[in-house]
Amino acid sequence: MMRYLIWFLRIVLFLLLLGFAVRNVEPVTLYYYFGYEWTAPLVLVILFFFALGVMVGAASCLAIVFRQRRQLASYRKKYDVPDVHL
């Protein structure tokens with residue numbers, strides 16, 4: 001039963017996003033420094049900057065994860081804890 005509910009929610013979310021994409025196809029122009037500009041449909045601009053934000057967020061989380069792994073490795077060496085993977 002839960003599987004059907006999850007699929008239903010996925011379909012509803014997909015249809016909402018598809019409707020958003022279809023309604024926002026007007027071209028927008030982004031102006032950069034030194035006269036550069038980029039003209040693209042609004043939905044692509046939003047998608048691009050959303051994906052960019054996800055990548056920046058994931059990269060910032062990865063830095064924390066790598067630092068914690070390095071600390072764990074140093075603690076394991078210091079306290080002679082065996083490296084056991086469950």
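The values are calculated or read from the model by the stated rules, or taken from the named source; none is laboratory data. None of the values given here were measured: they were computed from a predicted structure. Because the Cβ atoms are built from the backbone with ideal geometry, glycine has one as well, and the counts that use them run over all protein chains shown. Ligands, DNA and RNA are excluded from the accessible area calculation, which covers all protein heavy atoms including side chains. Shrake-Rupley method; radii C 1.70, N 1.55, O 1.52, S 1.80 Å.
Rounding to the nearest 10 and keeping the result within 0 to 90°, find how far the Cα-based axis of helix 2-23 lies from the longest principal axis of the chain.
40
Report, by chain and number, residues whose modeled amide H sits under 5 Å from the one on VAL28, excluding near sequence neighbours (fewer than 5 apart, same chain).
ALA40, LEU42
If r is the Cβ-Cβ distance from ALA40 to PHE66 and R0 is 35 Å, what FRET efficiency results, to the nearest 0.05?
So the FRET efficiency works out to roughly 0.50.
Of all the accessible heavy-atom surface of the chain, with the other protein chains kept in place and a 1.4 Å probe, what percent is carbon and sulfur?
72
Per residue Cα convex hull volume for region 1-50, in cubic angstrom?
53
On average, how much accessible surface per residue is there in the chain, in Å², for a 1.4 Å probe, leaving out ligands, DNA and RNA?
Using a 1.4 Å probe on heavy atoms only, each residue of the chain averages 97 Å².
Which loop trypsin sites (Lys or Arg not before Pro) in the chain, with loop taken from DSSP, have no more than 15 other Cβ atoms within 10 angstrom of their Cβ?
Qualifying residues, ordered by number: none.
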